[in-house]
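Encoded as structure tokens, the structure appears first; notes follow it.
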Amino acid sequence: MDRTPNITLRQLRTFEAVARLRSFSRAAQGLHLSQPTVSLQVKQLTEAIGMPLLDHSHRALGPTEAGLLVAETAREAGRLLES
């Protein structure tokens, strides 16, 4: 059985915006999406990867170490698609 996670470019772009802006609401505004849609995309990506990508424990939302790697991968994928 194939256990490859089903990760979409939309999920990566959405997560990158949340990690960069440190806010689901600001990411939603910037991406012209609803906040629940952004939350769902990040939740699905987190489940596909199988580890926490965002740290909600501090006063401000921020990416975990894994989240930093995913955000950088998302930025790199975006750069490659643009070129």
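Across the options N6, L21, V42, the greatest Cα extent toward the positive end of the charge dipole of the chain (unit charges at beta carbon of Lys, Arg, Asp, Glu) belongs to L21. Each residue of the stretch 69-83 is assigned a 3J(HN,Hα), and the resulting list reads 5, 5, 4, 5, 4, 5, 4, 5, 4, x, 4, 5, 5, 6, 8 Hz, derived from the Karplus form 6.51 cos²θ - 1.76 cosθ + 1.60 (θ = phi - 60°), x at Gly and Pro. With all protein chains present, how much of the accessible area of the chain (probe radius 1.4 Å) comes from carbon and sulfur, to the nearest whole percent? Answer for the chain: carbon and sulfur cover 55 percent of the accessible area.
On a per residue basis, the chain carries 68 Å² of accessible surface, using protein heavy atoms and a 1.4 Å probe.
Contour minus end-to-end for S83 and L68, with contour as 0.36 nm per residue of separation and end-to-end as the Cα-Cα distance?
Between S83 and L68, full extension yields 3.1 nm more.
Taken one residue at a time, the phi angles of the stretch 49-56 give Karplus couplings (6.51, -1.76, 1.60, θ = phi - 60°) of 7, x, 8, x, 10, 10, 9, 9 Hz. Gly and Pro are set to x. What number comes out for the charge environment of Q41, summing +1 per Lys or Arg and -1 per Asp or Glu over other residues with Cβ under 9 Å away? It works out to a net charge of +3.
The values are calculated or read from the model by the stated rules, or taken from the named source; none is laboratory data. Please read these numbers as outputs of a predicted model, since none were measured by experiment. Neighbour counts run over all protein chains shown; Cβ positions are idealised from the backbone, glycine included. These accessible areas exclude ligands, DNA and RNA; they are computed on the full protein's heavy atoms, side chains included. Shrake-Rupley method; radii C 1.70, N 1.55, O 1.52, S 1.80 Å.
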